[in-house]
1. Any chance you could count how many residues in segment 76-93 are open to solvent by less than 50 Å² (accessible area, probe 1.4 Å) and part of a strand (DSSP E or B)?
2. Could you pull out the residue among 27, 6, 50 that is touching a strand residue (DSSP E or B) at 6+ places or on another chain (Cβ under 9 Å), assigned to a strand (DSSP E or B) and either hydroxyl-bearing (Ser, Thr, Tyr) or open to solvent by less than 20 Å² (accessible area, probe 1.4 Å) (or both)?
3. For residue 137, indicate whether it is over 13 Å from the mean Cα position of the chain (by Cα), under 21 Å from residue 30 (Cβ atoms), of a type in the set (A, V, I, L, M, F, W, C) and open to solvent by 50 Å² or more (accessible area, probe 1.4 Å).
4. Name the single residue that is farthest from the chain's Cα centre (by Cα) among those in segment 30-47 being without any contact (Cβ under 8 Å) to a residue 24 or more places away in the chain and part of a helix (DSSP H, G or I).
5. Which residue pairs have Cβ atoms closer than 6 Å, lie 6 or more positions apart in sequence or on different chains, and pair a first residue in segment 172-189 that is under 20 Å from residue 90 (Cα atoms) with a second residue that is loosely packed, with under 15 Cβ neighbours inside 10 Å?
6. Residue by residue through segment 58-75, note down the ones that are in contact (Cβ under 8 Å) with a residue 24 or more places away in the chain and either surrounded by 12 or more Cβ atoms within 10 Å (Cβ to Cβ) or touching a helix residue (DSSP H, G or I) at 6+ places or on another chain (Cβ under 8 Å) (or both).
Amino acid sequence: MGTTRLIVDGPGFTVPTEVGVDRLSELLANPKNRLWLDISDPGLAEVGLLRREFGFHRLALEEVTKPHERPRCDAYSGYYFIVVYAAEHGESAFAPRELNLFWGENYLVTLHRSPAAVLTVLAEARRRWEHHEGRDAYGIACLAYGLFESLVDGYFTVQDRMRERMEGIEDAIIEGAQGGAADLFRLRKELLRVPRLLAPTSHVLAEVLRRER
């Protein structure tokens, strides 16, 4: 069963504030409100909520509960369905973490499986949203931009970790330690995945900007 959180900013709120999800219909009806609905581990109940409250297309809702192979941006009438990846590096390997978005005129819906990398990105995006002086002027795009910015910051962290691994493998090979070649091949395999999953993130955002212009 999923966990759903609703954060609202707009008239009557001095900062983005978490409220009960039971207020979603009421708050969504006012276009001056800016809403962030975050859903972890979405299931049938959460998909039903999205169908009732937002009227998302059936094909878009089918995408919510299945994994995707690469970032993408699908344009529907009045909103976008977006797939991007947060970057995580565990003790020994790179791990991409999928994050799905519905981006509308006054709302952002985020859906994920709650890995640490995604939770870190969401927490940082909220912090930036709360402290951004242009929240009123830029609307929900202010939150979306902060989310993408936080994603990219996470990429640099993983880049630094992979550089450390490369240096460690180089030292092991020079010293003649066993396992250096195997580690090198594993790292090469991981690096082949990185451009396919992370590089298109900027293309996704560029596609939204192109259509909005």
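1. First, pick out the residues of segment 76-93 that are open to solvent by less than 50 Å² (accessible area, probe 1.4 Å): 79-90, 93.
If we keep only those that are part of a strand (DSSP E or B) too, we end up with 79-89.
Counting residues in segment 76-93 that are open to solvent by less than 50 Å² (accessible area, probe 1.4 Å) and part of a strand (DSSP E or B) gives 11.
2. Details: 27 fails: assigned to a strand (DSSP E or B); 50 fails: assigned to a strand (DSSP E or B).
Testing whether each residue is touching a strand residue (DSSP E or B) at 6+ places or on another chain (Cβ under 9 Å), assigned to a strand (DSSP E or B) and either hydroxyl-bearing (Ser, Thr, Tyr) or open to solvent by less than 20 Å² (accessible area, probe 1.4 Å) (or both) leaves just 6.
3. On the way: over 13 Å from the mean Cα position of the chain (by Cα): yes; under 21 Å from residue 30 (Cβ atoms): yes; of a type in the set (A, V, I, L, M, F, W, C): yes; open to solvent by 50 Å² or more (accessible area, probe 1.4 Å): yes.
Yes: the conditions hold for residue 137.
4. First, pick out the residues of segment 30-47 that are without any contact (Cβ under 8 Å) to a residue 24 or more places away in the chain: 30, 44, 47.
From the residues that got through so far, the ones that are part of a helix (DSSP H, G or I) too are 44, 47.
Values: 44: 21, 47: 18 Å.
Only one residue fits best here, namely 44.
5. Going by the 6 Å Cβ cut-off, the qualifying pairs are 180/173.
6. Scanning segment 58-75 gives 60, 63, 64, 68, 70, 71, 72, 73, 75.
The values are calculated or read from the model by the stated rules, or taken from the named source; none is laboratory data. Everything quoted here is computed from the prediction, not taken from an experiment. Ideal geometry is used to build each Cβ from the backbone, glycine not excepted, and the neighbour counts take in all protein chains shown. Quick note on the areas: whole protein, heavy atoms, side chains included, nothing else; ligands and nucleic acids left out. Shrake-Rupley method; radii C 1.70, N 1.55, O 1.52, S 1.80 Å.
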